[in-house]
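Okay, so here's the structure we're looking at.
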Amino acid sequence: MGYIKKLVGMSIAAVVVLSIVSGIITVSVTAMPRSKVPVAVVYSGHGFVLNGDEFHVLRVQVIKVREPKPREIMGYIGANMSLKELKAAIAKERPRYRGRLRVGEELYRLDNITAGNRTVSADLMNVSGLTRERAGHISITVMRYEGTRIGEGTLSMYKGAYIGEYRVLLAVLPPHPVKRRI
């Protein structure tokens with residue numbers, strides 16, 4: 001009987017931790033202190049890619065995420081942490097970057113993202129079909145220009161409908177944390 005109670009207790013604890021973690025990663029925009037939020041929009045911009053007389057609409061979004069791995073979640077359950085301690089442990093984890101890019105009608109996932117204070121660069125991965133293949137590379141520098149934030153850089157497309165070298169011009173939103181729900 002004691003074994004069943006312990007098993008049920010561990011199952012309930014696992015469900016609570018998983019619901020807390022998934023609730024923390026829920027994305028909706030708000031203004032909160034940046035250091036305490038496990039998800040933050042690092043770069044979000046829209047604009048154009050230009051190559052001579054050719055141009056296409058461009059949208060870019062990069063987010064910073066703190067996601068514990070399943071092994072870490074089991075460690076948190078075994079450590080019998082309070083909610084406050086659990087949040088602190090997740091906040092200490094090294095963030096990962098995720099992103100997406102849409103050029104014209106094509107959607108790409110960003111991979112190997114390098115994000116600095118004013119720069120971001122990433123490989124474009126084709127998301128259509130069953131295979132993951134590198135389709136290009138983007139590099140953007142964000143700066144203040146005439147009272148607003150802009151992004152300028154290059155886009156190199158190796159595969160897909162928009163093969164070529166492009167100049168990137170974006171209107172960039174300021175970085176902002178994302179509200180978590182618990």
Q) Which of the residues spanning region 76-125 are closer than 19 Å to Gly47 by Cβ and among the acidic types (Asp, Glu)? A) Glu105, Glu106
Q. Does region 131-145 hold any residues that are closer than 13 Å to Val172 by Cα, without any contact (Cβ under 8 Å) to a residue 60 or more places away in the chain and not polar (S, T, N, Q), and which are they?
A. Met143, Arg144, Tyr145
**Q.** Restricting region 119-146 to residues that are of a type in the set (Val, Ile, Thr) and farther than 19 Å from Val65 by Cβ, the residue that is surrounded by the fewest Cβ atoms within 10 Å (Cβ to Cβ)
**A.** Thr131
Q) Restricting the search to region 116-138, which residues are in a strand (DSSP E or B) and farther than 20 Å from Val49 by Cα? A) Glu133
Q: List the number of the failed condition for Gly116; all other conditions in (1) surrounded by 12 or more Cβ atoms within 10 Å (Cβ to Cβ); (2) within 17 Å of the chain's Cα centre (by Cα) hold.
A: (1)
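A short reminder: the numbers here are calculations on the coordinates, not readings from a lab. Keep in mind the model is a prediction, meaning the values are calculated, not measured. Cβ atoms come from the backbone with ideal geometry, glycine included; neighbour counts cover every protein chain shown.
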